């Protein structure tokens with residue numbers, strides 16, 4: 001594992017997720033109870049209206065002292081935030097002690113983090129018509145996202161607001177693929193301020209899976225990232241998933257594993 005690259009990728013992912021929560025916090029009256037803590041590159045974000053670890057997280061691997069991380073966990077304790085840590089091996093520890101604060105691993109939340117310098121990737125052109133999402137088509141994107149992930153209705157409103165915040169921030173980009181006018185696949189791209197382009201969420205309708213849409217969206221985002229001036233690209237996928245295989249087919253390689261933990265009450 002290249003530790004410098006691993007930290008750069010963790011930072012880019014954290015910034016992508018934090019920016020979505022920042023969008024929620026910026027809404028008039030902050031209806032979803034979103035808040036941000038600590039420094040932007042080394043802090044935490046929480047959302048009272050959504051308990052998902054995607055919305056409630058402490059950035060663990062950022063060079064910050066363990067005591068400061070414990071302070072963040074305790075400050076946000078009411079939201080039970082996850083803390084993202086780089087796993088040293090495939091044998092992920094089920095429990096850890098962070099300066100006296102016991103942590104328990106979240107089952108199902110160990111992922112592969114993939115990385116590549118964009119200069120080393122030669123992405124073939126996509127033959128699909130991939131459209132950028134705008135304010136007028138954001139609802140289509142979010143409806144497809146909710147359908148693909150079976151998101152509860154209560155969480156869909158929050159997700160749409162978060163993706164809207166990502167678009168409005170200026171470094172977030174969303175894309176849709178349509179067939180015969182119907183949205184069948186979508187994906188996100190975020191340009192972190194460390195020149196790493198993070199390939200965010202990607203999804204396809206159940207009926208359209210296996211037809212190459214996911215891979216085409218990877219290629220398109222790689223091309224967009226290069227055009228926007230990014231130097232490297234990162235992405236997250238389950239280790240044994242088709243998503244990982246698609247990312248590796250397009251030139252990304254496994255950097256390290258990331259595991260989410262949560263404080264033991």
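Bear in mind that the values in this text are calculations on the coordinates, not laboratory data. As the structure is a prediction and not an experimental result, all values here were calculated from the model. Cβ: placed from backbone, ideal geometry, glycine included. Neighbour counts: every protein chain shown.
Stokes-Einstein at 20 °C, 1.002 mPa s, Kirkwood radius from Cα pairs: D for the stretch 158-230 in µm² s⁻¹? Could the numbers behind the result be given before it?
Values: Rh = 12.9 Å.
It diffuses with D of about 166 µm²/s by this estimate.
Between the helical axis of 153-169 and the dominant principal axis of the chain, each derived from Cα atoms, what acute angle in degrees is found, rounded to the nearest 10?
80 degrees
Can you figure out the FRET efficiency of residue 180 with residue 153, using R₀ = 25 Å and their beta-carbon distance, to the nearest 0.05?
Numbers: r = 27 Å, r/R0 = 1.08.
Once the sixth-power term is evaluated, E becomes 0.40.
Restricting to the chain, what percent of DSSP beta bridges are antiparallel, rounded to 5? Each step should come with its number before you reach the end.
Numbers: 50 of 57 bridges.
Taking every DSSP beta bridge within the chain, about 90 percent pair in antiparallel fashion.
Please sort 232-244, 4-16, 122-134 by packing, taking for each peptide the average over its residues of neighbouring beta carbons within 10 angstrom, highest first.
4-16, 232-244, 122-134
If I model a spin label as a point 7 Å beyond the Cα along the Cα-Cβ vector, how far apart are those points for residue 4 and residue 169 in nm?
2.5 nm
What order do you get for 152-162, 41-51, 137-147 when each peptide is scored by the mean count of other beta carbon atoms within 10 Å, highest first? Walk me through the numbers on the way to the answer.
On the way: 152-162: 16.5, 41-51: 20.6, 137-147: 18.2.
Highest to lowest by the protection proxy: 41-51, 137-147, 152-162.
Principal axis lengths of the stretch 118-265 from Cα atoms, whole Å, largest first?
Dimensions of the stretch 118-265 along the principal axes of its Cα atoms: 51, 40, 31 Å.
What FRET efficiency, computed as 1/(1 + (r/R0)^6) with R0 = 41 Å and r the Cβ-Cβ distance, is obtained for residue 140 and residue 30, rounded to the nearest 0.05? Numbers along the way, then the final one.
Working: r = 26 Å, r/R0 = 0.64.
According to the calculation, E is roughly 0.95.
Report, for the stretch 1-138, the % of DSSP beta bridges that are antiparallel, rounded to 5. Walk me through the numbers before you get to the answer.
Numbers: 12 of 15 bridges.
Here the share of antiparallel DSSP bridges comes out near 80 percent.
Hey, what angle do you get for helix 138-148 against the long axis of the chain, alpha-carbon based, 0 to 90 degrees rounded to 10?
Long axis of 138-148 versus the principal axis of the chain: about 70 degrees.
Tell me, in nm to one decimal, what length is gained between residue 80 and residue 253 on full extension, where the rule is 0.36 nm per residue of separation less the Cα-Cα distance?
Values: separation 173, 0.36 × 173 = 62.28 nm, distance 3.19 nm.
Length gained, residue 80 through residue 253: 59.1 nm.
Can you give me the angle between helix 66-75 and the longest principal axis of the chain, using Cα atoms only, in degrees from 0 to 90, rounded to the nearest 10?
Rounded to the nearest ten degrees, it is 80.
Report, to one decimal in Å, the Kirkwood hydrodynamic radius for the stretch 1-133 based on all distinct Cα pairs.
Details: mean 1/r = 0.0602 Å⁻¹.
When all Cα pairs of the stretch 1-133 are included, the Kirkwood radius is 16.6 Å.
Of all beta bridges DSSP finds with both residues in the stretch 117-256, what is the antiparallel percent, to the nearest 5? Walk me through the numbers on the way to the answer.
Numbers: 18 of 22 bridges.
The antiparallel fraction comes to roughly 80 percent.
Report Rg/Rh for the stretch 5-78, rounded to two decimals, where Rg is the Cα radius of gyration and Rh the Kirkwood radius.
Values: Rg = 12.0 Å, Rh = 12.5 Å.
Taking Rg over the Kirkwood Rh, I get 0.97.
Using Cα pairs under 8 angstrom and six or more residues apart, how large is the relative contact order of the chain, in percent?
Details: 504 pairs, mean separation 71.5, N = 265.
Relative contact order comes out at 27 percent.
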